[in-house]
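The values are calculated or read from the model by the stated rules, or taken from the named source; none is laboratory data. Bear in mind the structure is a predicted one, so any value in this text is a computation, not a measurement. Positions of Cβ are backbone-derived with ideal geometry, glycine not excepted, and every protein chain shown enters the neighbour counts.
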Amino acid sequence: MFAALLSVAFLALFTTMPLVWLSLGAPWMTLAVSFIAIPIVDALVGVRPTNAFARMAPAAARWVPRAQLLFQACLLALAVRIAPELSWPELLVFALAVGTVTGGLGITIAHELGHRDTSLDRTLAKALLVSVCYGHFFVEHIRGHHVRVATAEDPASAPRGMDVYRFLVRSVIGSFRHAWRLEVLRLRRERRSAWAPSNWVLAGSCLAFAIVGASALVGGPNGVVLFVVQAIWAIALLEIINYIEHYGLCRRLDGSRYEPVGEQHSWNADYTISNWILFNLQLHSDHHAHMQRPYELLRSACSAPQLPAGYPTLVPVALVPPLWFALMERRLPGAKAAA
């Protein structure tokens, strides 16, 4: 019970952090905490290949991530309402701070909930994704990415030598296109129109536009800028993490089929603090090898390629391609043999 209460308290504090720092006149502090303070603490605490959530009761583990929608809705509603009072520099920094939360934490939890079987969890996942204008991720991630991961067909798997900026364009566009195709094929099998309301790519996009309209009503032009910028940065964070998770890893082609997905097709990171903050998203090798395994049961994959740091540290590194390549090329499987 204590672990569950601690996790819910963390969600509440971290999600509302942009509002707190803005009230103290330092909206940039959310970025400093996320990409400077957390990496420092992560490095000091170091690697511990155990699951911090393993002792949490199953019922508590299921309910803790569900609280994120309430916290995130409050954050966005208050942020849009405050937006008209901010200068343009303050507004842009504040929007990036909000997007760091909605992307770094909100999409992470949406990813976890989207893998669950209950209609409640899947509805919450969709709502979290719509709040960052990326509803189609619900379709593409499970039915697209998990099927095609670590192949040339998957836009969310970065091939060796591709920098993050090229990857961002490829993944954002390619993922939306494939999600649309998946929904059209599903509806065609049901003998329904591609433009049916049950096409989630279409419905999710319309709901996102509706929230933009609501932002305009509540916060005027500043409210729209706030909401759109936070969504853009949240999407960018998601895709940068996608880039980190599978960079340079490939499945072998056996005849006309790719080998089964295994732990070796995703990067693993056992950094204690960042795994606790990100609900074990960094145990990504085990997640892809066992797609339905919940976050509280994920395990370290010792046989998988290992990242040199957690995601909060590697996101800024990935934004500097020469630094990223210098850090990661020698860690790719087979790199030493090739040298």
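Points to keep in mind about this one:
- Members of the range 61-84 that are over 22 Å from the mean Cα position of the chain (by Cα) and surrounded by fewer than 18 Cβ atoms within 10 Å (Cβ to Cβ): 78, 81, 84
- Any chance residue 293 is assigned to a loop (DSSP other than H, G, I, E, B), of a type in the set (D, E, K, R) and over 15 Å from the mean Cα position of the chain (by Cα): yes
- Put simply, of 239, 245 the only residue that is under 27 Å from residue 67 (Cβ atoms), in contact with a His (Cβ under 6 Å, 6 or more places away or on another chain) and modelled with pLDDT of 95 or more is 245.
- When residue 32 is tested against the conditions (1) within 26 Å of residue 74 (Cα to Cα); (2) within 18 Å of the chain's Cα centre (by Cα), the lone failure is (2).
- Scanning the range 300-311 for any residue that is touching a residue at least 60 places away in the same chain (Cβ under 8 Å), farther than 23 Å from residue 38 by Cα and out of contact with any Lys or Arg (no Cβ under 7 Å at 6 or more places or on another chain) turns up at least one such residue.
- Residue that is surrounded by the fewest Cβ atoms within 10 Å (Cβ to Cβ), among those in the range 1-27 that are among the small types (Gly, Ala, Ser) and within 17 Å of residue 87 (Cα to Cα): 25
- Any hit, the range 313-330, residues being outside any loop (DSSP other than H, G, I, E, B), at pLDDT 95 or above, within 19 Å of the chain's Cα centre (by Cα) and not aliphatic (A, V, I, L, M): yes
- When we screen 232, 211, 241 for residues that are buried (at least 22 other Cβ atoms within 10 Å of the Cβ) and either assigned to a helix (DSSP H, G or I) or in contact with a helix residue (DSSP H, G or I) (Cβ under 9 Å, 6 or more places away or on another chain) (or both), the only hit is 241.
- Leading residue by the ranking (farthest from residue 53 (Cα to Cα)) among those in the range 298-337 that are surrounded by fewer than 20 Cβ atoms within 10 Å (Cβ to Cβ) and of a type in the set (Gly, Ala, Ser): 337
- Leading residue by the ranking (farthest from residue 267 (Cα to Cα)) among those in the range 152-176 that are free of Cβ contacts under 8 Å to residues at least 40 places away in the same chain and assigned to a helix (DSSP H, G or I): 173
- For beta carbons closer than 7 Å, sequence separation of 6+ or different chains, a first residue in the range 122-151 that is more than 16 Å from residue 206 (Cβ to Cβ) and a second that is of a type in the set (Lys, Arg), the qualifying pairs are 122/116; 124/66; 150/251; 151/251.
- Exclusive hit being more than 29 Å from residue 47 (Cβ to Cβ) and in contact with an Asp or Glu (Cβ under 9 Å, 6 or more places away or on another chain), set 207, 217, 202: 202
- Hits in the range 225-272 (condition: among the basic types (Lys, Arg) and in contact with a strand residue (DSSP E or B) (Cβ under 9 Å, 6 or more places away or on another chain)): 251, 252
- Matching option when the condition is at pLDDT 95 or above, surrounded by 14 or more Cβ atoms within 10 Å (Cβ to Cβ), farther than 25 Å from residue 301 by Cβ and of a type in the set (Ser, Thr, Tyr), among 87, 34: 34
- Cross-chain or 6+ apart pairs with Cβ under 7 Å, the range 1-23 first and at pLDDT 95 or above, then not in a helix (DSSP H, G or I): 18/27; 21/27
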